[in-house]
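Notes to accompany the following structure.
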Amino acid sequence: MIDLSPTTDEEAEAIVRSHTEAGEPLAICGGNTRSGFGNAVAAESRLRSSNLRGITAYNPGEMVLTARSGTPLSEIEAALAENGQMMAFEPMDHRPIMGTTGEPTIGGVFAANVSGPRRFVAGAARDSLLGVSFINGKGEIIKAGGRVMKNVTGLDLVKLMAGSHGTLGFLTEVTFRVPPRPRTEATIVISGLNDAEAANAMAAAMALPVEVSGAAHLPMTVAWKFLDSTLSEGEGTCLRIEGLPGSVDARATKLAAAMAAFGSVTRFEQADSVRLWRDIRNVAPYADGTARPVWRVSVAPGTGHQLVAALRLEAGVDAYYDWQGGLIWMRMEADADADLLRRFIKALGGGHATLIRAPEKMRSGIAAFQPQQEAVALLSQRLKLKFDPAGIFNPGKMAGA
């Protein structure tokens with residue numbers, strides 16, 4: 001594949017325009033750390049943002065940062081750490097589970113709407129995105145949004161670009177919110193709960209006035225893979241508290257006392273808590289060097305354990321839960337079982353299943369993204385036609401979505 005790496009918006013504009021005129025498709029990517037994610041793209045040239053890099057505006061007092069789309073995520077995180085700030089949505093690193101190399105980019109994070117454990121209380125990546133600059137399929141430079149939330153000009157356009165996976169335009173710059181980083185954190189772990197009991201415990205924790213910022217359940221099959229097998233005795237239900245040291249201590253103590261009604265409780269302080277949630281975020285149990293199918297499933301929190309239980313009657317499934325049970329990371333032991341999974345999701349009230357990893361031959365026959373309802377699919381087609389009339393951006397990437 002031919003790599004095209006522009007250094008300016010104008011160079012990117014010229015590349016897109018020439019490919020549009022010739023009817024030649026382009027694969028869109030940043031650091032290529034999600035290679036293989038989504039359906040196969042039918043293109044011989046790849047337009048990369050990796051040379052569009054650098055933080056272009058950052059005033060910590062405004063809690064807003066603007067960066068070129070190809071800026072390495074590590075560079076963004078270093079600048080934020082220096083100023084005691086963060087990306088509230090905790091973007092995961094897909095390299096371990098996908099078996100890829102390279103550097104994740106900030107544009108790739110927003111293009112894929114990558115969101116981690118704090119998502120259920122702090123919002124997704126798209127909720128932090130304030131402004132974008134991108135090249136549309138006509139080869140035009142488009143700017144939307146602004147540096148502060150009060151400027152809502154083009155805000156819907158900004159939201160559309162997040163999670164579009166490069167199918168609507170080529171991102172060149174992003175502006176997003178960067179709130180203060182918590183001074184410390186602690187995690188309360190309840191041992192020995194089955195999936196249904198854990199769902200009840202997490203719901204009870206969320207109802208308490210202690211501001212839980214992470215809620216995950218790790219069944220016995222994966223719990224031993226965290227914190228050098230010291231997480232818990234058997235299953236571990238994990239609840240994170242963040243903030244100022246005194247506040248964290250008081251709230252964690254209150255939470256531990258309440259959760260003692262459900263089972264044995266252990267408290268982990270900052271260093272271990274940070275390690276634990278990094279591995280939950282990055283799907284460490286399934287970063288096993290294999291291509292066994294891995295699904296990212298989003299459902300209502302109360303139905304996650306029901307879905308897994310039903311699937312286990314029909315297929316070999318390993319799974320753990322984030323977002324208070326609303327996000328299931330699921331590894332299939334043999335086939336991807338896409339039809340079975342999506343049929344069960346529909347029966348339990350709906351949700352989304354995205355195939356993250358699978359052998360190439362298996363992926364070719366599966367819609368990686370959740371098939372859309374007819375009305376939504378029609379709207380998506382109209383948007384694609386508006387943004388990319390010649391259909392040159394990542395053709396086939398989201399086919400079936």
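Here region 2-180 is assigned +1 on the Cβ of each Lys and Arg and -1 on the Cβ of each Asp and Glu. Its dipole about the Cα centre then comes out at about 500 debye.
List the pairs from Lys159/Lys361; Lys159/Lys386; Lys225/Lys361; Lys159/Lys346 whose alpha-carbon separation is above 22 Å, in the order I gave them.
Values: Lys159/Lys361 33 Å; Lys159/Lys386 16 Å; Lys225/Lys361 29 Å; Lys159/Lys346 26 Å.
In this structure, Lys159/Lys361; Lys225/Lys361; Lys159/Lys346 lie more than 22 Å apart at Cα.
Split the accessible area of the chain by element, probe 1.4 Å, and carbon with sulfur accounts for 53%.
With a 1.4 Å probe rolled over the protein heavy atoms of all chains, the accessible area of Cys238, Cys29 falls in the order Cys29, Cys238, largest first.
What residue among Gly325, Gly23, Gly302 shows peak mean-square fluctuation when the chain is described by a Gaussian network model with Cα springs under 10 Å? Comparing Gly325, Gly23, Gly302 in the GNM, the peak value goes to Gly23.
The calculated P(r) of region 284-364, using every Cα pair and 5 Å bins from 0, goes 3, 16, 31, 27, 16, 7, 1 in percent. Using only side-chain charges placed at the Cβ, +1 for Lys and Arg and -1 for Asp and Glu, the dipole size of the chain relative to its Cα centre rounds to 620 debye.
Which cross-chain or sequence-distant (5 or more) residues have an amide H under 5 Å from the amide H of Ile356, H modelled 1.01 Å from N in plane? Close amide H contacts, sequence-distant or interchain: Val294, Trp295, Arg296.
Taking a quarter of the surface of the Cα convex hull of region 43-142, what do you get in nm²? List each step's numbers first, then the result.
Working: hull surface 31.5 nm².
Seen from a random direction, the Cα hull of region 43-142 projects 7.9 nm² on average.
Toward the positive end of the charge dipole of region 323-394, with +1 on the Cβ of Lys and Arg and -1 on the Cβ of Asp and Glu, the farthest Cα among Leu385, Ile366, Ile328 is that of Leu385.
Using Cα centres only, tell me the gap between region 308-384 and region 256-277 in whole Å. Taking the Cα centre of region 256-277 as reference, the centre of region 308-384 is 31 Å away. Shape verdict for the chain, please, from the Cα gyration tensor: rounded (a/c under 1.5), prolate (a/b greater than b/c) or oblate. Taking the square roots of the gyration eigenvalues as a ≥ b ≥ c, the chain is oblate.
Charges were assigned to the Cβ only: +1 to each Lys and Arg, -1 to each Asp and Glu. The resulting dipole of region 184-282 about its Cα centre is roughly 140 debye.
Restricted to Cα atoms, region 2-180 shows a radius of gyration and a Dmax of 15.5, 48 angstrom.
Cα gyration tensor of region 184-282, axes a ≥ b ≥ c as square roots of the eigenvalues: rounded (a/c below 1.5), prolate (a/b > b/c) or oblate? Oblate shape, in that a/c is at least 1.5 and b/c is the bigger or equal ratio.
The values are calculated or read from the model by the stated rules, or taken from the named source; none is laboratory data. Being a predicted model, the structure only gives us computed values, none of them experimental. Using ideal geometry, Cβ is built from the backbone for each residue, glycine included, and neighbour counts are taken over all protein chains shown. Just the protein is used for accessible areas: all its heavy atoms, side chains included, with ligands, DNA and RNA removed. Shrake-Rupley method; radii C 1.70, N 1.55, O 1.52, S 1.80 Å.
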